[in-house]
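Notes for the one structure printed next.
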Amino acid sequence: FRQHVNPLSRKYQQETELSEKWPQDVFSDCSKQLHIDIGCGKGGFLLDLAKQEPKDGLDSYNYLGLEIRPLVAQYARDRVAVHHLQGKLDYVGCNANVDLSRVLRLYQKAALARMDDDNHNLRLTRVTIQFPDPHFKSHHAKRRVVTPQLIDALAVYMPTNAVVFLQSDVQSVLDDMRLQFRERAVYFEDMLESKNDYLSENFLGVPTEREVSVLDKGLPVYRAVFTRTSELLLPATERIIQDVL
């Protein structure tokens, strides 16, 4: 598989194709909480996480991986049936900065169809962004996955106390992601006061393939966790309407 792509190229600026019945055709119960892994690669992290879920169904999640490389996303999707995780795990090939809001809007709509209480319709309670493409060159920095637009999309659909977990083996990449979230502090609170402090462990307890490789070499991994504040952010279309009124 190709390791690097340019997310700003025309082919990756197009909306991805989703089935007319998505997400109901891939998730058995869309009222469940949702965990999204942005930049999921071959999907091993979510596979392992979904397999560890308690059998009693308590605190159960649906799991969704977003991967910009279509062939890699398809490879991950093919693994779902092999591991008998149909109905609770899916992978979508897309550019998160193009499709995230649409994906979350569709999931929320499906969740509402199964729920009686509109006050609890925000189901995205956990987001992971792990070891993203660093795009080292300074003139490529704008290609990085965490952008103000992506953070706002998360803020719209994440309820109070929902969690965003960031990690990278490149300190400058983690610091950049963290800075972007800290600049939206009205919506996301850093769990560590100092930007020079990092979480020592992966609190989810399930490592990515990259994480295992890095730690096996004795190299550091830099981590940060943010929680969603109670400050409401309306979808962009509703904000425009309010501004007009």
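Quick notes
- Every listed requirement among (1) in a helix (DSSP H, G or I); (2) among the basic types (Lys, Arg); (3) modelled with pLDDT under 95 is met by Lys55 save one, (1).
- Residue that is within 22 Å of Pro148 (Cα to Cα) and not charged (D, E, K, R), where the choices are Leu49, Leu64, Leu71: Leu64
- Cβ pairs under 6 Å, 6+ apart, first in region 166-178 and closer than 19 Å to Lys217 by Cα, second among the β-branched types (Val, Ile, Thr) and surrounded by 23 or more Cβ atoms within 10 Å (Cβ to Cβ): Gln167/Val221; Asp169/Val221
- Tyr63 under 23 Å from Val164 (Cα atoms) and among the hydroxyl-bearing types (Ser, Thr, Tyr): yes
- Cys30 vs. criteria within 17 Å of Arg126 (Cα to Cα), over 16 Å from the mean Cα position of the chain (by Cα), crowded, with 21+ Cβ neighbours inside 10 Å and not acidic (Asp, Glu): yes
- Lys51 being under 18 Å from Thr208 (Cα atoms), of a type in the set (Lys, Arg) and under 17 Å from the mean Cα position of the chain (by Cα): no
- Residue count, region 175-211 (criterion: surrounded by 11 or more Cβ atoms within 10 Å (Cβ to Cβ) and of a type in the set (Val, Ile, Thr)): 2
- So Arg10, is it among the charged types (D, E, K, R) and either surrounded by 11 or more Cβ atoms within 10 Å (Cβ to Cβ) or modelled with pLDDT of 95 or more (or both): no
- Among residues of region 13-31 that are at pLDDT 95 or above and assigned to a loop (DSSP other than H, G, I, E, B), those with a beta-carbon under 6 Å from a residue that is among the acidic types (Asp, Glu) and surrounded by fewer than 16 Cβ atoms within 10 Å (Cβ to Cβ) at least six positions away or on a different chain give the pairs Ser19/Asp25.
The values are calculated or read from the model by the stated rules, or taken from the named source; none is laboratory data. For clarity, every value in this text was computed on a predicted model and none was experimentally measured. Because the Cβ atoms are built from the backbone with ideal geometry, glycine has one as well, and the counts that use them run over all protein chains shown.
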